[in-house]
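Heads up: the structure comes next, in structure tokens.
The values are calculated or read from the model by the stated rules, or taken from the named source; none is laboratory data. What you are looking at is a predicted structure, and each value in this text was computed from that prediction instead of being measured. Counting neighbours? That spans all protein chains shown, and the Cβs are built from the backbone with ideal geometry, glycine included. These area figures cover heavy atoms from the full protein model, side chains too; ligands, DNA and RNA do not enter into them. Shrake-Rupley method; radii C 1.70, N 1.55, O 1.52, S 1.80 Å.
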Amino acid sequence: VDEEGKNIDCYGYQWWMDNYKNIQVFYARGMQGQFIIVVPSLNIILVRLGHKRLENKQNKHHTKDFYTYLDFALSFK
């Protein structure tokens, strides 16, 4: 439940979740900008080792850099 009392459908079991371009995506986000992005339907696992965490949000829950890395991975599908 978020601060407004609404159910959160983008986080569970220590994983962030998003439906991006009609593709279900799961990811773990580290304190220093690390990502483990998993797209089961496309057999994609993307790992980013980071050194700086960006806080600029594209929407309420997910950062812009997450979408940058995901778009890069999806460009190879």
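For the reader, a short list of remarks on this structure follows.
- Scan of the range 1-29 for residues that are small (Gly, Ala, Ser) and within 11 Å of the chain's Cα centre (by Cα), ordered by number: Ala28
- Scope the range 1-50; condition over 14 Å from Leu70 (Cα atoms), open to solvent by 30 Å² or more (accessible area, probe 1.4 Å) and assigned to a strand (DSSP E or B); matching residues: Tyr11, Trp15
- Filtering the range 4-31 to residues that are at pLDDT 85 or above and within 15 Å of Arg48 (Cβ to Cβ) leaves Trp16, Val25, Phe26, Tyr27, Ala28, Arg29, Gly30.
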